[in-house]
Amino acid sequence: MDYLYLYPALETDRAIESRDVLAYSKNADVQGFFTRHEIAGAMKDSGKKEDYLNIVHTSVSANKSDTYVAETIKHDTYLKSNGGVTNELTITRTHQWNAETEKRIRDLVASFGLPGIPPENKDIIPILGGSKNIQMLRIYIPNGSKLEESSDPSVTVKFDKETGKTYFSAKIKVNPGEESSLRIRYSLPFKLNLDPVDKYYLYAQKQPGQKNITITKRILPPSGVMNYKYFPSTGSFDKDSVWSFSGAME
């Protein structure tokens, strides 16, 4: 029998809820428990008419700049009158390192009685986060989705046999005090039946350990299409019947 000991309980609960703690067992029953409670780290299997999004980051910066980068995900879904579905995804990364951040680090070093970081030192500050952040991205989407256009022509479409999903391979760079965006437009491999009724469903997963991510979701229906139910309840419609929701990914 496998056992998992986690302590302290309160912090563990928070870490599990935010997907910062993952678990694995060779025992099929225990692993099934981890999977049901979404702490196995597995990607969700998508249904035939389900949208999916999971942006997996790999830092290749060779520095500590990830701590200072915030990410905003804008995911717009355009429903067509023939039932076709097109998504426009925009990923914006903002590097929040500034002069105040550098001063705080220098003061921290000094508070330990160390000689401090010489102002003329050109190597330490970049290593601690004050330099370009570079990320390789795998943007997982429903298998069979088709790339229509991208703001970066180097974006490629690939297939992951292990997860059974299509993904976009991309790179995004951002300098301290700046922001950088990547926009990708793609069509989904299924159509919705809008007459009389069908549902659009998106399952968005967050890479374990990722912080400072906000997602804004919009659904833009064709003229004459009426909504009968939506989730989460905190979303809202504008005067053009466009539904939107914004919140932190936790």
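Here are the numbers for this structure:
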{"read-out": "Chain lengthening between MET136 and ALA99 when straightened (0.36 nm per residue, less Cα-Cα)", "value": "10.6 nm"}
{"read-out": "In order through the range 239-250: 3J(HN,Hα) via Karplus (6.51 cos²θ - 1.76 cosθ + 1.60), integer Hz, x for Gly, Pro", "value": "5, 9, 6, 8, 8, 9, 8, 9, x, 7, 8, 10"}
{"read-out": "Karplus-derived HN-Hα couplings along the range 54-64 (A = 6.51, B = -1.76, C = 1.60, θ = phi - 60°), whole Hz, x at Gly and Pro", "value": "8, 9, 9, 9, 10, 7, 10, 7, 6, 8, 9"}
{"read-out": "Helical mean residue ellipticity (222 nm; -39500 (n - 2.57) per DSSP H run of 4+; nearest 500) of the chain", "value": "-4000 deg cm²/dmol"}
{"read-out": "Of all accessible heavy-atom area on the range 185-236, the percent that carbon and sulfur account for (1.4 Å)", "value": "52 percent"}
{"read-out": "Built amide H within the under 5 Å cut-off of THR214, gap 5+", "value": "GLU71, THR72, ILE73, MET249"}
{"read-out": "Equivalent ellipsoid dimensions for the chain as semi-axes, Å, which come from the Cα gyration tensor, largest first", "value": "37, 25, 18"}
{"read-out": "Label-point separation, PHE33 to ASN175 (7 Å along Cα→Cβ), nm", "value": "5.3 nm"}
{"read-out": "Per residue accessible area of the chain, 1.4 Å probe, in Å²", "value": "61 Å²"}
{"read-out": "R0 of 45 Å, Cβ-Cβ distance LYS44-LYS239: FRET efficiency to nearest 0.05", "value": "0.85"}
{"read-out": "Cross-link pairs LYS64/LYS217; LYS44/LYS161; LYS74/LYS211 - those with Cα-Cα distance over 19 Å", "value": "LYS64/LYS217"}
{"read-out": "Orientation-averaged projected area, Cα convex hull of the range 52-158 (nm²)", "value": "9.2 nm²"}
{"read-out": "Dipole in debye (nearest 20) - the range 166-250, about Cα centre, beta carbon charges: Lys, Arg +1; Asp, Glu -1", "value": "220 debye"}
{"read-out": "Part-to-part distance (alpha-carbon centres) for the range 188-243 and the range 25-64, which is given in Å", "value": "22 Å"}
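The values are calculated or read from the model by the stated rules, or taken from the named source; none is laboratory data. None of the values given here were measured: they were computed from a predicted structure. No Cβ is skipped: glycine too gets one built from the backbone with ideal geometry, and neighbour counts run over all protein chains shown. Keep in mind that these areas ignore ligands, DNA and RNA; they rest on the heavy atoms of the full protein, side chains included. Shrake-Rupley method; radii C 1.70, N 1.55, O 1.52, S 1.80 Å.
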